[in-house]
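Below: the structure, in structure tokens.
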2 protein chains.
Amino acid sequence: MRVTIIGVGLIGGSMALSLKEKKFAPKIIGVDANKEHEQKALALGLVDEILPVKEAVQNADIIILAIPVNACVKLLPQILDLINKQVVIDTGSTKNNLIEAVKDHPKRGRFVATHPMWGTEYSGPEAAVRNAFTGKATIICNKEESDADALLLAEKLYETLGMYLVYMNAAAHDIHVAYVSHISHITSFALANTVLEKEKEEDAIFELASAGFESTVRLAKSNSAMWVPIFMQNKENVLDVLNEHISQLRKFKACLEKENYEYLQELIENANKIRRIIK
Amino acid sequence: MRVTIIGVGLIGGSMALSLKEKKFAPKIIGVDANKEHEQKALALGLVDEILPVKEAVQNADIIILAIPVNACVKLLPQILDLINKQVVIDTGSTKNNLIEAVKDHPKRGRFVATHPMWGTEYSGPEAAVRNAFTGKATIICNKEESDADALLLAEKLYETLGMYLVYMNAAAHDIHVAYVSHISHITSFALANTVLEKEKEEDAIFELASAGFESTVRLAKSNSAMWVPIFMQNKENVLDVLNEHISQLRKFKACLEKENYEYLQELIENANKIRRIIK
């Protein structure tokens, strides 16, 4: 299997490592808009060869797009223009806009919309991790719009990575990720800004930052080039969840202001039910 | 050194394990308001003996209070009534109220107000962890109000645990922990309630919960018996930080509503500065 990965950063680089290790592909062709990233990916052994987009596509059986979602919406139709029978998959965190962008493309069937549910707060080729995806879920969206053989190849790729598959339509996907991923990033960014606002006044306090603080704020290190486009493309769902989150925070605020500690206890005990979901 | 630990849960139990391992104390006497916890602490080998409070205090050189902060405010004056030359330390997450409660006590000098900055989202004797405190900070508050020999013994205890010491007055302590600990718990509780609200509608989505989600929401498993009293006792500071946090979240909301993606990028890039604080 000849594989081209467009975007050799955290996701593309980690995929490259695993696909070679699992012998899905004897060699990987890399493409990146950032020339430095291309050279780093080569130097780190994530990819074996750098080619211009057109040749990279022509020399592959499967093309993986691992670029920010705004870039992907623009590039995917151009990639579909270039292919013959190749399969194209994306790895983005939003799906509605992307699927809409290619719904009437004559090669739509060659594209499989996928979202491997793994990431870290780091980015770029150096952020790539070995065995990153094992045991995690990949969501495949609108599978009925993909050709049967293209879908099968995408499924085989993710199974090779040790992932399990979940099928969903694009609209449901975008709602769910707003809850289980996008809102976590917004709360983390906002929390970082809250404490950084304070830091202007007093420098010393942060040596005290505890493990709990680190855990809630670590996502605030995430890259704006990846996250602004996600929030743009999932604006309505993210706003819904963000409004709900602000109103949940206001309940804590009201409890403190009114010294209603019984209700505060209820709110915390309700939150404890998250133990059902995360072990 | 004879040590009595009152409250043999997460903090008291973990301390017991380390103090014995480091040979600070050949044996540990345990006391807990919960009889089941006393028996579990004994069965788990966290403590060597269970005694009633009065005898436990009389048979110790140092008494460690590791109980919820509301219970501590009530119990500390009673413990000071019982002691002769023993040293008493607390381990609570708020300090103003506690120090105020004993400021005119004739034995005030025997008490050292301390806050070891470590914890997990679990509670009870089974939550106790070996080598929990190594490399973390302990804050010692209003050290000038403690007798020199009492302070020295408390410092020796925390150094034995491998902790480094930070000195602060109680008011500054309570503000700082609102930023680096208490607000993280509130955002996590509120985030859990946000997604649990959604879960009522759709059950399946949580199998997708990613590592990022787990990280921001794990503190929501924390025990209300510990946290309600902390929020009560640090109400004003927590409200200040919570108001700031809600206003930071509103900035993200306004960016999305107005599609002001340049400012959204600025907000995220500002949040990225948290890299200075957490590595």
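The values are calculated or read from the model by the stated rules, or taken from the named source; none is laboratory data. Here the structure is a predicted model, which means the values were calculated and not measured. Using ideal geometry, Cβ is built from the backbone for each residue, glycine included, and neighbour counts are taken over all protein chains shown.
Some values worked out for this structure:
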read-out	value
One residue from A:Leu42, A:Leu80 being in contact with a helix residue (DSSP H, G or I) (Cβ under 7 Å, 6 or more places away or on another chain) and either at pLDDT below 95 or part of a helix (DSSP H, G or I) (or both)	A:Leu80
Hits in segment B:25-51 - residues which are of a type in the set (Asp, Glu) and surrounded by fewer than 23 Cβ atoms within 10 Å (Cβ to Cβ)	B:Glu36, B:Glu38, B:Asp48, B:Glu49
Those residues of segment B:1-19 which are modelled with pLDDT of 95 or more and either among the charged types (D, E, K, R) or more than 22 Å from the chain's Cα centre (by Cα) (or both), in sequence order	B:Arg2
In segment A:69-106, the residues that are basic (Lys, Arg), closer than 19 Å to A:Glu155 by Cα and free of Cβ contacts under 8 Å to residues at least 40 places away in the same chain	A:Lys85
Residue list for segment A:237-261, filter: of a type in the set (Asp, Glu) and either crowded, with 23+ Cβ neighbours inside 10 Å or more than 9 Å from every other protein chain (Cβ to nearest Cβ) (or both)	A:Asp240
Some residue of segment A:9-24 being of a type outside the set (Gly, Ala, Ser), surrounded by 16 or more Cβ atoms within 10 Å (Cβ to Cβ) and free of Cβ contacts under 8 Å to residues at least 40 places away in the same chain	yes
Among the residues listed as B:Val166, B:Val180, the single one being in contact with a Phe, Trp or Tyr (Cβ under 8 Å, 6 or more places away or on another chain), within 10 Å of chain A (Cβ to nearest Cβ) and farther than 18 Å from B:Ile64 by Cβ	B:Val180
Every residue from segment A:108-134 that is under 14 Å from the mean Cα position of the chain (by Cα), surrounded by 22 or more Cβ atoms within 10 Å (Cβ to Cβ) and of a type in the set (Val, Ile, Thr)	A:Thr114
Candidate set: segment A:52-64, residues that are in contact (Cβ under 8 Å) with a residue 24 or more places away in the chain and in a loop (DSSP other than H, G, I, E, B); chosen: the one surrounded by the most Cβ atoms within 10 Å (Cβ to Cβ)	A:Ala60
Out of B:Leu161, B:Leu208, sole residue that is in contact with a Leu (Cβ under 8 Å, 6 or more places away or on another chain), more than 15 Å from B:Ser93 (Cα to Cα) and not acidic (Asp, Glu)	B:Leu161
Odd one out for B:Asn223, checked against (1) more than 7 Å from chain A (Cβ to nearest Cβ); (2) more than 21 Å from A:Asn272 (Cβ to Cβ); (3) under 21 Å from the mean Cα position of the chain (by Cα)	(2)
Criterion violated by A:Tyr158 - all others in (1) in a helix (DSSP H, G or I); (2) among the aromatic types (Phe, Trp, Tyr); (3) touching a helix residue (DSSP H, G or I) at 6+ places or on another chain (Cβ under 6 Å) satisfied	(3)
Of all residues making up segment A:262-279, the number that are at the interface with chain B (Cβ under 7 Å from one of its Cβ atoms) and surrounded by fewer than 15 Cβ atoms within 10 Å (Cβ to Cβ)	3
